[in-house]
Every structure is written in C-alpha cells, then in structure tokens.
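Presented below is the structure to which this report refers.
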Amino acid sequence: TVINHNAENTEVSDISLYDNNVSDSGYHSSDSTYAGISAGAFNEHAQKVLAEPVNELHVEIRPDGLIYLPGAFYRKKLNDAFGAGGWAIKPLQISQDDHNMYFRGGLYIAGRFVSEAIGEGRFIANNANSSKATAVESSKTDCITRLCKDLGVAYELWTPEFGRQWQAKYAVKCKCVNIAKNNS
C-alpha cells in the first residue's frame, strides 16, 4: 500500500509489497503521519527475508559483553526485503545532551509508516576524534537497529538465551588491568 499525501486528502493505493488489498479502510486522521498503519502484512518475500535467522558468525561483541550486528546488516536486510528506495527513515528530531546525540526517526516502507524509535550516539564536544556528524550518523544507525526490532529482524539478539549461548560458544571473558608507570 502506498500512501500519497497531498494538501487536501490522503489517498491509499495498492502495490504488490503487501499481501492484503487495502482500500480506504486504512487508518486516516488529520495527522496523516500514521495513515495506513498496520493496514496489511508485508508480502511473503519480505516476511521471509525479515525473519531469516541470524548467522552467528556475523555477530559482534562490545567490551561490556553485549552482542550486536553492525549497522550495515540492518540496511542490507531492509534493502533485501523491500528494495533500495522501498524504505526510508524520516528524521523526526535530532537532539543532544552533554555526552550523546539522539536521533528520533520513523521507518516508512513504500510510503507507509511502520515504526518509530530513538537512537543514541556518543558525542564528546572537546574531543578531536568526535564530531557531531559522526555522532548523528551513529545515532541514526542505532535508531535503524531499534526500528528493525519491531519487524522481528535479528530477533535472536534480543533474547537472553541466544546471548548466553553465543557468548559461551564464541566469547572469552577477560579482565584487563592498565598499570600506568610514573616517570617523574
């Protein structure tokens, strides 16, 4: 279903991305942001791509022990399911505090609102290795990861049992100590 927004009304028309034939019975309001929300399931191809199991060899681990998939994984998954240009992240708000940038975005697929999330990225103002552009891009990627969670992408990463099994199989727990020498 494609939602075409114009000044006077919201028009809903069918395309093959969804299995259901949706007519004007989709959700409509004066705020057309949510027009067509949950109006129909994605087609079988898209559902299959989104639900593919995670390849354990693609999983990464942070120093704090949390597992994740790189941001490129989620973008590729959306492209494989919906085609390049078939999905987009609409920036809704970009903000910052003392240490983080925040990117609030909406996921749109074939013109239909699907989900909304807030991503965060580290930003340190007086650090030459940190820039606002990098922090915004990081927060956008985090937002995409969270938006894909609503689609069931990489569902396993959000379950504690998968994390424990993956860590037992691939991770080594270690404690690092940094001993600084005093050269005075």
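Structure summary
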{"read-out": "Residue selected from segment 101-124 under the condition open to solvent by 30 Å² or more (accessible area, probe 1.4 Å) and outside any strand (DSSP E or B), by the criterion modelled with the highest pLDDT", "value": "GLY111"}
{"read-out": "Residue list for segment 153-178, restricted to those being open to solvent by 30 Å² or more (accessible area, probe 1.4 Å), of a type outside the set (Lys, Arg) and part of a loop (DSSP other than H, G, I, E, B)", "value": "ALA171, VAL172, CYS174, CYS176, VAL177, ASN178"}
{"read-out": "Selection from segment 49-65 of residues that are touching a residue at least 60 places away in the same chain (Cβ under 8 Å) and in a loop (DSSP other than H, G, I, E, B)", "value": "PRO53, VAL54, VAL59, GLY65"}
{"read-out": "Subset of segment 125-152 [touching a residue at least 40 places away in the same chain (Cβ under 8 Å), of a type in the set (Gly, Ala, Ser) and either surrounded by 15 or more Cβ atoms within 10 Å (Cβ to Cβ) or in contact with a strand residue (DSSP E or B) (Cβ under 8 Å, 6 or more places away or on another chain) (or both)]", "value": "SER139"}
{"read-out": "Only one of ALA72, ALA46 that is closer than 24 Å to GLN167 by Cα, among the small types (Gly, Ala, Ser) and without any contact (Cβ under 8 Å) to a residue 40 or more places away in the chain", "value": "ALA72"}
{"read-out": "Of residues in segment 33-76 being hydroxyl-bearing (Ser, Thr, Tyr) and within 19 Å of GLU156 (Cβ to Cβ), the one surrounded by the most Cβ atoms within 10 Å (Cβ to Cβ)", "value": "TYR74"}
{"read-out": "Subset tally (residues that are open to solvent by less than 40 Å² (accessible area, probe 1.4 Å) and either at pLDDT 95 or above or in contact with a Pro (Cβ under 8 Å, 6 or more places away or on another chain) (or both)) for segment 84-100", "value": "2"}
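The values are calculated or read from the model by the stated rules, or taken from the named source; none is laboratory data. Keep in mind that this is a model prediction, so the values were computed, not measured. All Cβ positions, glycine included, derive from the backbone under ideal geometry; neighbour counts span all protein chains shown. Calculation scope for accessible area: heavy atoms of the full protein, side chains included, ligands and nucleic acids excluded. Shrake-Rupley method; radii C 1.70, N 1.55, O 1.52, S 1.80 Å.
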